[in-house]
Amino acid sequence: MTTAEKKITLNGVDMLGLLGVNDAYLNLLEDRFNSTISVRGDIVNIKGVLEEVEIVEKVIKEMVYVLNTSGKLNKSDIETILNLTIEGKEIIGEAEYDSIVLYTKNDVVKAKTPGQKKYLQIAGKNDICFAIGPAGTGKTYLAVAIAVSALKKGIVKRIVLARPAVEAGESLGFLPGDFQEKIDPYLRPLYDALDDMIPSEKLKGYIEKRVIEIVPLAYMRGRTLNNAFVILDEAQNATDVQMKMFLTRLGANSKAIITGDITQIDLPVKSKSGLIQAKDILSGITGVGFAYFDKEDVVRHKLVKDIIDAYDKFNNGK
């Protein structure tokens with residue numbers, strides 16, 4: 001029999017909720033298996049026969065999934081997970097587990113398409129990641145989830161979300177209200193994503209303490225952002241000067257994701273899109289990655305993919 005040892009790092013997991021009071025749930029696992037299961041901090045170490053070690057790993061991942069999606073775990077849950085896993089059935093498959101970005105108050109945020117999975121890999125390997133593709137492909141939503149996950153795990157201490165306040169068919173000057181009220185519609189999609197991922201009271205506290213900032217791109221000038229996860233959304237509407245300004249804000253231990261759709265540029269005709277220029281200038285730099293999406297990655301209403309396809313055909317003269 002082949003023996004094996006497996007270490008699982010459980011960043012951001014409630015270890016008391018996972019292991020139970022006085023390690024009651026851990027004891028249930030040890031009673032069912034011959035493998036040795038030890039826990040130190042957020043690292044679980046499993047030693048034993050290879051086949052059983054793999055089963056124990058699946059059980060623990062299933063436990064994490066149930067705990068983080070439902071907010072609690074009990075003895076009955078453990079028994080169900082054990083029985084299903086030993087029988088070869090899974091609550092969530094291994095490939096799906098590896099696609100999870102963030103556990104939220106309602107469900108999980110995960111990559112759903114091959115393009116999105118590649119996006120996660122590129123964002124994980126690079127300090128700066130550009131995500132370029134059509135509307136509805138999850139570029140912004142996943143970027144926010146990646147940032148929130150990094151905050152929860154303590155990888156960064158703050159999140160800064162920025163968008164260019166570019167007029168798309170309406171005049172900013174004629175919108176009602178003061179300046180903050182005028183720019184809020186431009187920033188609303190970022191608030192919506194955060195609302196899905198963080199309980200409202202906690203989000204309010206983060207914003208009040210400036211752990212999370214949502215600002216127009218122009219407000220980034222002159223800043224140095226250390227220990228931060230920085231996102232620039234709708235980057236096709238940043239000028240070349242603004243893009244360079246944004247990219248040079250990055251400080252020590254910081255990461256950035258820049259998202260945009262180069263088919264929806266709202267800049268004046270004479271202005272250059274900083275996203276298009278950055279794609280050409282930065283593609284060879286180590287630490288800068290590019291993820292590209294197409295209509296197959298659309299995860300909104302099924303008609304969105306058809307709409308994108310129809311416009312592509314029209315613009316190409318077909």
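Placing unit charges on the Cβ atoms only, positive for Lys and Arg and negative for Asp and Glu, gives the chain a dipole magnitude near 1000 debye about its Cα centre. Measuring between alpha carbons in the structure, the pairs from Lys112/Lys139; Lys58/Lys139; Lys75/Lys110; Lys244/Lys272; Lys118/Lys272 lying more than 21 angstrom apart are Lys58/Lys139; Lys75/Lys110; Lys118/Lys272. Taking the 0 to 90 degree range and rounding to the nearest ten, how far is the long axis of helix 179-197 tilted relative to the main principal axis of the chain, both from C-alpha atoms? Orientation of helix 179-197: about 20 degrees from the principal axis.
Given a 1.4 Å probe, how much area per residue of the range 72-163 is accessible, in Å²?
Working: 4110 Å² over 92 residues.
Ligands and nucleic acids excluded, the result is 45 Å² per residue.
Spacing of the modelled spin labels on Lys270 and Asn83, each 7 Å from Cα toward Cβ, amounts to 7.4 nm.
The slack in the chain from Val21 to Asp127, taken as 0.36 nm per residue of separation less the alpha-carbon distance, amounts to 34.3 nm. Rounded to the nearest 10 square angstrom, Lys112 shows an accessible area of 140 square angstrom against a 1.4 Å probe.
Dividing the helix sum by the residues of the chain, where each DSSP H run of 4 or more adds -39500 (n - 2.57), gives a mean residue ellipticity at 222 nm of -13000 deg cm²/dmol.
The range 232-262 and the range 29-60 have Cα centres spaced 43 Å apart.
Provide the FRET efficiency to the nearest 0.05 for the Thr224-Ala310 pair, computing r from the beta carbons and using R0 = 41 Å. According to the calculation, E is roughly 0.35. Extension gain for Leu303-Glu51 works out to 86.2 nm (0.36 nm per residue, less the C-alpha to C-alpha distance). Each of Ser273, Ser38 has its accessible area taken with a 1.4 Å probe; listed largest first, they run Ser38, Ser273.
At a 1.4 Å probe radius, carbon and sulfur cover how many percent of the accessible area of the chain?
It is 51 percent, rounded to a whole number.
The charge dipole of the range 30-69, taken about its Cα centre with unit charges on the Cβ atoms of Lys, Arg (+1), Asp and Glu (-1) only, comes to about 120 debye. At an R0 of 45 angstrom, the distance between the Cβ atoms of Ile281 and Thr36 translates into a FRET efficiency of 0.25. Highest mobility in the GNM of the chain, judged by mean-square fluctuation with C-alpha springs under 10 Å and restricted to Leu303, Leu18, Leu73, is found for Leu303.
The values are calculated or read from the model by the stated rules, or taken from the named source; none is laboratory data. None of the values given here were measured: they were computed from a predicted structure. As a convention, Cβ positions derive from the backbone with ideal geometry for all residues, glycine included, and neighbour counts pool all protein chains shown. In case anyone asks, the SASA skips ligands and DNA or RNA and just uses the protein heavy atoms, side chains included. Shrake-Rupley method; radii C 1.70, N 1.55, O 1.52, S 1.80 Å.
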